[in-house]
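Heads up, the thing below is written out as structure tokens.
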Amino acid sequence: MDKQMERQTEELANAYLARQMSRRTFVTRLLALGIAPAAVGAIVAACSSAATTVPSVPPAPSSGGSSPAASLGPQPSPSAADLKGNVRFLIGPWSSDEVAHHQHIAQGFNAIYPNVTFDFRLYQWDTASQEINTSLTEGAHDIYMTTESSYPDYESKTGFSDLTSKITDPSFAGELAKYQYMDRIKSYGPKILGLPISFHVEDAMFVNMDMVQAAGFDEHFIDSYPTFLDCVTKMTKKGQTYGMGIGIQLGGYAEWYQRLRAAGGSYLTPDLKSPNVNLPAVVEVTDQMASLFKLGIAPPLGTYTYDAAPAAFAAGKMAIYSSDLASTTALPASVPFTWKLLPYPPGPVSQVNFNDLSIYMINSKTADQDLAWEVVKWWTNGSSDAYWADNSGTYPARSDAATLGYGTNSAPQLAEALPLFQAHAVGLENFPQWSDVENLAEAEIQNCYAGKETAAQAVANVEKIVKQEVGI
Amino acid sequence: MSAAVEPRHGAPAALAAIAAEHARSRRGRRLRGLGKHAILIVVTLLLVAPFYYVVLASFKNSTEIFTYPPKLLPIPPFLGNYQKLLGSTGFLRWMFNTLLVAGTVTLVKVFMDSMAGYALAKLQLTGKRLIFLSMLILLMVPLGALIVPLWALVNAMGLTNTYLALILPPLANPLGVFLMRQFILGLPKDLENAARLDGVSEFGIYRRIILPLIKPGLVVLAVIIFTDQFMSFIWPLIATSSDDLQVLTVGVAALRSHGGADYGLWSAAAVMSLVPIGVFFFVLQRQFLARSLAGALKQ
Amino acid sequence: MTTTASTTDSATGTQYAIEILGVTKRYGKITALGGVDLDIEPGEFVVLLGPSGCGKSTLLKIIAGLEDLTEGEVYIGGKLANYLKPSARDVAMVFQNYALYPHMTVRANIGFPLKMAGRPKGEIEQQVAFASGLLQIGSELDKYPDELSGGQRQRVALGRAIVRQPLAFLMDEPLSNLDALLRVQMRSELLRLHKRVGRTTVYVTHDQIEAMTMADRVVVMRNGLIQQIGPPDEVYRRPANRFVASFVGSPPMNILDGRIETADGRRRFAGPIPVEIPGLAGATLDDGPAAIGIRSEELVLTGVGTAGSFPAVIELVEPVGADIFLTATVEGGAIITIRVDAETNVAEGENVQVSIAPGAIRVFDGAGDRVRLTSDAA
Amino acid sequence: MRLSPGQHRQLRRQARLKRELTAWLFLGPMFVFFVVFLVVPVVGTVWWSTQAGGIVGGTTNVGLQNFQRLPDLVGATTAIQNTLIFALLSIPPILIGALAISLVLARIGRGAAAYRFFVYFPVLVPGVVAGLIWLFLTNVDFGLFDNVLRAFGVQPVTWLGSDTALGVLAALDVWRNVGYWAIFFVAAIIGLPEELYQAANLDGASTAKRFWYLTLPLMRRILFFAIVVSTIWGLQVFDTALVLTNGGPGTATTTIIFRVWQYVFGTNDKVGFAAAISLVLIAAILTLTLTQMRLLRSRRGDD
């Protein structure tokens, strides 16, 4: 601890002991100073025992549950003694040390509420929806990190707790304002099931700028499809380097979808009544992507998996690869070239970058809903979000994350690229079967990349899938 | 098995002729013997090479794994993969769960199957044929094809996320009953008759006469059930979602997609997964090989 | 069930060890036993004799309770046994293959029934020692069955039966798995044992020598029906029918087919050889097909001209130790066997003259049943 | 007869009942599990296949609609096709390879135990682990296969590409199952009557002729059994496909059970389709089983 930090800590402790701030604020502020949660816990404990006679927080309401009174006025946080139990998480594996990051956040929580314990289970991206669905019905976990892509589906069902009253409670309004993407969550229906933690770009382009330069281009090569194609063709060195790696994401997640949107298509028309896939422009962009394979610019499907792509990129085997931002955590710390994150080139109609959110939600089967809510609030607060997003290679959903330490650990390319991605951001369409359609559609399109179907056939099949899944 | 290799009582003339022929071609025979060994060594190498390659990888760090030409001996061995596997994944818990579930299923099933086999082989039972036939017909239906109704059933029973969800459905497999029935049918009927006259109850006959006499069969059955259980994947994947109940196969499959490719960790997991079954195999070789034969549902 | 059984018991007041009343056994359409009646006295050695498939083993198993009967009743010691479990019937059985428990020592095998009956250890040891001493297997007690010879296994099986001290022993071809020499030896040992232990024994065999040498009474069976019950001598001398006549005795009785004819008010048998049958006149017998039977030892080689003798040609001479069996053809082409003593000097192809010992001829009617002749002894 | 037929009937019924009861005490525990967790689910599949909806929450009966729509369902026919191709690719090499190995292994003296150990070991590898191991063989950068190719100066191959992935999956299956059937055949060959071979030797039959005219015909029941059972197993491929290729690229390795699993837990309200596809699989397996039972029974006479 350096001198300045020591002084700040002392000031905070004095303020806390003088009951000028709550224990919760005290902990949050200590964490914001960059003190390790374990150390924070020790400091808080020391302060508390130094002032045993001093009640650290106002007394909590005696009755648990969402009493009518709760919605009437500001609800004070429960006292440390009040919260106890075990909270079981089911979370997505963003980075290889995912559980460690959560344990870090949990330590902070425990500094305030020492009687709460945590279990973390990671689902697999391949089997995420199965695992979440069975866990929900089995009541196996309390808090889930879900992705926006399945949100419309969850919204239409009853497995997750409806948090609308808690989130819209006036006492929460101040906090709520700091969540940047609440509008998007609210847009899926009347219920609000959770709080966002990250804004995530699926399929950014990881670009080796040295090779771009060597091919005679700069970062503006993505401004139009022809220059993009020209550049990746020039960067392709047979038997050595592929210009553009696609189909690397698991199931090609959302890779084609953003092209579909860029070509003016979508799975459904805005009224969600009929499919909007089989358009000439969509066939055209699909054919464009398939031709990357035909021309030998893209490595054949199956050459580089999601797991293997970062290493191959770092080794110069691909000049560009398309993956989600979590891939930044998998890249080696030092890469012998300069690289950038860039969005996809524009399509015939517009330039689109597909984004989604990660959201924390609560199992409706969970007994202690209040405890779960406290935990969700903690996990999505500014410092937790800053810490987690920084370590998982995503963008925090909280506006205050930037001031609470975000950006200290993640690749600098991330922050640099955010404005680009935000400029072209588009989310999913609001119908419950979106993720099912997406999974089946991308697999179908990959059949076209593999040369087993023409672009027209694949697009027609996707339209068929849309009809089947949505039931129109 | 060795008894069966011995020549049957054949015509002495034939044996003599063969002996003469063999003497003449002893040299050719030795060559042919070498050829056979050569073939088997090649086959063995082909089958074992993947294991070696993975074991090798498990002792390399992430850069060494990618090195070409690959190091063919892991010297000095890198132990970080194993440290990580045992230290920061639930591997030991998964292993414990697998052994617990497989062990319980094996124990319960060996007893239930041998009892049912005894009933079907020896006891008077109306509709015995029908029951046996239905077991024989459903023998081959895999759990994977039944996940919809099975999950609904287990969920309705409130068993999801309990050990029971992992243990109970595999108990339904009728293969063991079939095997036990065959084994028990092979015992002379007079033995149980003698026991009946000696004043032994039916359960006593099962316990004091049948069980000791089919002991080899019981071991084979135990090996079959245990290995099948050890390998099972789709049902444990679906039946439980709690971390505490994760079995080895499910846990290892999960490692596969946890952010980034940790090849070293994967190879260590693959190697460690094979340790218990390899040890069992080494100890119970004969029974494991008989496992294959027991699959010979030859009527 | 016990009440029913004991009522029957007192109602009949029977003194039989085993009573079999109208026992029928059917497997589907096949009848294994077609209504068998048999009473067995206490201490009696009864042999069930017949070719394989005649139902003798089935009957034994029904007595033991190892098979259900279709109809009829079995009483053991006066109690209805039909519905008693085998161990409650107070019988012990010796099986053809001995049925020793392969995973137990000889000692454990012999003591097993007592152990199951919950007898104290000391008693079991004492009984095992007694039985093994009786059977001369005292030194084999700690061996396992597969370390024993066939004869020793046989003794262990007997020992296991003896220790129970049952009301009756049931033996299912116990000697059939032994070689010829051992079989003869065990036969006499069994008999000695029977004399010492003195228990009712029901013994099943297809070997008529065993039956003749061991039985107090022989029960000859065929196709699930009793053909004849009687002491061995009676079964041998006065077979109830052609089947018994040809099944019992070695060589089998000579049976010659012919017809009963009445001519000139005299009834005579017209067959391949000329015979005089003294008691035929008064016998209840119609004209028609019939047969006569003569034991081989009751045919005598005589000189030409002896009254009632007939010529025959010797086809085969088989010396069997003390005797010689002669196979000969008579004029009509029928084949007979003659038993002569070893001293007799005959050669194959020789023409001989044969006469019949007095009273040696049995007559069987068209249905094969023996006809009682007026000359027969009572 | 001292007891009336009526009395006998009653006593017989009592005795019979007691014996049946005893038998049920023995069979009962297993039978309950058999019915609850096998018979009921099989019958349940029929019911579920007529439903539309999710596995939790309500469903509605749609009759045979699921089956009618099945051929038109994008991916359903592909899954069935993939499974059949997989079976066709894997089963002949498994059985022919196993037979070849067993012919050598059955008549070898020294080292037989060691060979059997190694030949059999891959059989004990769980599908998930096998998938993991094969990732190390098929990886483009450091996989064993491509490293061997490189050593011979051949361009590396994308083993898990959409044209080859199913073949690799089949090869994995061959690796995993060839030992099982090899040991199985070894036992069968050892059990063949030696006299016939001695007679054939005297007749001067060559090794090839002996195999063709003796071994093959003598083993035809066993071979038939092996074909049916390995086909049934082949139809169930799932875990290796999940770990090695995740059903892809595209739908190249999406098998029947993979599809069922996707439809049950991966997507919304398609549980009826899942059951319908399952039922097709179950019907295929039962048909194979029954065919085998019938053929083996009718041929028993001439063996």
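Filter the range D:185-225 down to residues that are at the interface with another protein chain (Cβ under 10 Å from one of its Cβ atoms) and of a type in the set (S, T, N, Q) and give me whichever is nearest to residue D:108 (Cα to Cα). Only one residue tops the list, namely D:207. Of A:469, A:416, all but one fail to be within 14 Å of chain D (Cβ to nearest Cβ) and touching a residue at least 24 places away in the same chain (Cβ under 8 Å); the exception is A:469. Checking the structure you have, find out if any residue of the range A:238-261 is more than 22 Å from residue D:143 (Cβ to Cβ), surrounded by fewer than 20 Cβ atoms within 10 Å (Cβ to Cβ) and of a type outside the set (Asp, Glu). Checked the range A:238-261: no residue is more than 22 Å from residue D:143 (Cβ to Cβ), surrounded by fewer than 20 Cβ atoms within 10 Å (Cβ to Cβ) and of a type outside the set (Asp, Glu).
A single entry from D:245, D:254, D:231 fulfils the requirement of being more than 10 Å from chain A (Cβ to nearest Cβ), out of contact with any strand residue (DSSP E or B) (no Cβ under 6 Å at 6 or more places or on another chain) and among the polar types (S, T, N, Q): D:231. Of all the numbered requirements in (1) surrounded by 14 or more Cβ atoms within 10 Å (Cβ to Cβ); (2) over 15 Å from residue C:340 (Cα atoms); (3) not basic (Lys, Arg), residue C:314 misses one, and that requirement is (2). If the condition is being within 11 Å of chain A (Cβ to nearest Cβ) and either over 20 Å from residue B:101 (Cα atoms) or of a type outside the set (A, V, I, L, M) (or both), then the range B:251-274 contributes B:251, B:255, B:256, B:257, B:258, B:259, B:260, B:261, B:262, B:263, B:265, B:266.
Condition check ((1) of a type in the set (S, T, N, Q); (2) in a strand (DSSP E or B); (3) on the phi < 0 side of the Ramachandran plot) across all residues:
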| position | (1), (2), (3) |
| --- | --- |
| C:183 | no, no, yes |
| C:195 | no, no, yes |
| C:221 | no, yes, yes |
| C:228 | yes, yes, yes |
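Those strands (runs of 3 or more DSSP E) of the range C:238-306 in which at least 1 residues are closer than 29 Å to residue C:217 by Cβ, considering only elements entirely within it, cover C:254-263, C:288-294, C:299-302.
The number of residues in the range D:135-184 being of a type in the set (Phe, Trp, Tyr) and more than 7 Å from every other protein chain (Cβ to nearest Cβ) comes to 4.
Condition check for residue B:55 on (1) within 11 Å of chain D (Cβ to nearest Cβ); (2) within 24 Å of the chain's Cα centre (by Cα); (3) hydrophobic (A, V, I, L, M, F, W, C); (4) buried (at least 20 other Cβ atoms within 10 Å of the Cβ): one failure, at (4). Looking at residue B:89, is it away from chain D (no Cβ under 13 Å), in contact (Cβ under 8 Å) with a residue 24 or more places away in the chain and under 22 Å from residue D:35 (Cβ atoms)? Spelling it out, it is not the case that residue B:89 is away from chain D (no Cβ under 13 Å), in contact (Cβ under 8 Å) with a residue 24 or more places away in the chain and under 22 Å from residue D:35 (Cβ atoms).
One residue alone among A:257, A:267, A:306, A:242 is out of contact with any Lys or Arg (no Cβ under 6 Å at 6 or more places or on another chain) and within 14 Å of chain B (Cβ to nearest Cβ), and that residue is A:306.
Examine the range D:56-71 for a residue that is within 27 Å of residue D:258 (Cβ to Cβ), within 9 Å of chain B (Cβ to nearest Cβ) and surrounded by fewer than 15 Cβ atoms within 10 Å (Cβ to Cβ), and state whether such a residue exists. No, the conditions are met nowhere in the range D:56-71.
From the list B:150, B:136, the one residue that fits, being at pLDDT 90 or above, in a helix (DSSP H, G or I) and either out of contact with any strand residue (DSSP E or B) (no Cβ under 8 Å at 6 or more places or on another chain) or more than 8 Å from chain D (Cβ to nearest Cβ) (or both), is B:150. In the range B:113-133, the qualifying residues are those that are at the interface with another protein chain (Cβ under 8 Å from one of its Cβ atoms) and in contact (Cβ under 8 Å) with a residue 60 or more places away in the chain, and the one that is nearest to the chain's Cα centre (by Cα) is B:113. Within the range D:96-116, not a single residue is within 24 Å of residue A:305 (Cβ to Cβ) and either within 7 Å of another protein chain (Cβ to nearest Cβ) or surrounded by 24 or more Cβ atoms within 10 Å (Cβ to Cβ) (or both). Across the range A:273-288, the qualifying residues are those that are buried (at least 21 other Cβ atoms within 10 Å of the Cβ) and touching a Gly at 6+ places or on another chain (Cβ under 9 Å), and the one among them that is nearest to the other protein chains (Cβ to nearest Cβ) is A:277.
Can you confirm whether residue D:43 is within 9 Å of another protein chain (Cβ to nearest Cβ) and within 30 Å of residue B:204 (Cα to Cα)? Answer is no for this residue.
Screening residue C:111 on (1) assigned to a helix (DSSP H, G or I); (2) within 11 Å of another protein chain (Cβ to nearest Cβ); (3) within 24 Å of the chain's Cα centre (by Cα) shows it passes everything except condition (3).
Residue count for the range B:198-220 satisfying the condition of being under 17 Å from residue D:22 (Cβ atoms) and crowded, with 20+ Cβ neighbours inside 10 Å: 7. For the range C:152-194, filtering for residues that are closer than 21 Å to residue C:111 by Cβ, of a type outside the set (A, V, I, L, M) and over 18 Å from the mean Cα position of the chain (by Cα) leaves 9. Looking at the range A:106-221, the helices (runs of 4 or more DSSP H) lying wholly inside it that each contain 3 or more residues that are in contact (Cβ under 8 Å) with a residue 60 or more places away in the chain and within 18 Å of the chain's Cα centre (by Cα) sit at A:151-155.
Condition first: touching a helix residue (DSSP H, G or I) at 6+ places or on another chain (Cβ under 9 Å), outside any loop (DSSP other than H, G, I, E, B), more than 9 Å from every other protein chain (Cβ to nearest Cβ) and at pLDDT 80 or above. Can you find one or more residues in the range B:68-79 that meet it? No: zero hits.
The residues on offer are A:344, A:321, and the sole one that is over 24 Å from residue D:135 (Cα atoms) and either assigned to a strand (DSSP E or B) or hydroxyl-bearing (Ser, Thr, Tyr) (or both) is A:344. Taking first residues from the range A:422-444 that are within 24 Å of residue D:248 (Cβ to Cβ) and partners that are among the charged types (D, E, K, R) and assigned to a loop (DSSP other than H, G, I, E, B), the Cβ contacts under 8 Å between residues at least 6 apart in sequence or on separate chains come to A:444/A:453.
The values are calculated or read from the model by the stated rules, or taken from the named source; none is laboratory data. Remember, predicted model here, so these are calculated numbers, not experimental data. All Cβ positions, glycine included, derive from the backbone under ideal geometry; neighbour counts span all protein chains shown.
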